[in-house]
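To keep things clear, I will list the structure first and then write my remarks on it.
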Amino acid sequence: MNIYVGNLPYNITEDELREVFAEFGEVSLASVITDKFSGQSKGFGFVEMPNNSEADEAIKALNESSLKGRNIKVNQAKPREDRPQRRSRY
């Protein structure tokens, strides 16, 4: 299951994010999304967990929990096609 993690501390690493979710089971991927120009974290990321029951447990336990002083938002990621399209300004 692909999990969205929002309101992340800007200084969190992918390894730290992986460790948080690994308490609930196997983590196949943890990524923090960064600005392509500055390299600064955008404050959100994604975690991939192959076992759905472990992923559900992690979501329930970690949503609204404090991580480095910030209450993170954790839920199942929506597929790209389910999100509203951004309208171009041009």
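Any chance the range 24-33 includes a residue that's at pLDDT below 95, of a type outside the set (Val, Ile, Thr) and in contact with a Phe, Trp or Tyr (Cβ under 9 Å, 6 or more places away or on another chain)?
no
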> From the list Glu81, Glu64, Glu23, which residue is acidic (Asp, Glu), more than 12 Å from the chain's Cα centre (by Cα) and surrounded by 11 or more Cβ atoms within 10 Å (Cβ to Cβ)?
Replying inline: Glu23
> Of the residues that make up the range 20-29, is at least one free of Cβ contacts under 8 Å to residues at least 40 places away in the same chain, under 15 Å from Lys68 (Cα atoms) and in a loop (DSSP other than H, G, I, E, B)?
Replying inline: no
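Would you pick out the residues in the range 4-20 that are in contact with a Leu (Cβ under 8 Å, 6 or more places away or on another chain) and over 13 Å from Gln76 (Cβ atoms)? Write out each step before concluding.
Pass one, the range 4-20, residues in contact with a Leu (Cβ under 8 Å, 6 or more places away or on another chain): 5, 8-9, 12, 17, 20.
Hits for the range 4-20 are Leu8, Pro9, Ile12, Leu17, Val20.
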>> The conditions are (1) out of contact with any helix residue (DSSP H, G or I) (no Cβ under 6 Å at 6 or more places or on another chain); (2) more than 17 Å from Lys78 (Cα to Cα), and Glu48 fails exactly one of them. Which is it?
In response: (2)
> Could you list, in sequence order, the residues of the range 30-72 that are touching a residue at least 24 places away in the same chain (Cβ under 8 Å) and in a strand (DSSP E or B)?
Replying inline: Val32, Ser41, Gly43, Phe44, Gly45, Phe46, Val47, Glu48, Leu67, Arg70, Asn71
> Could you say whether any residue in the range 13-20 is surrounded by 13 or more Cβ atoms within 10 Å (Cβ to Cβ) and hydrophobic (A, V, I, L, M, F, W, C)?
Replying inline: yes
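The values are calculated or read from the model by the stated rules, or taken from the named source; none is laboratory data. From a predicted model like this one, the values you see are computed outputs, not experimental measurements. Every residue, glycine among them, receives a Cβ derived from its backbone with ideal geometry; neighbour counts consider all protein chains shown.
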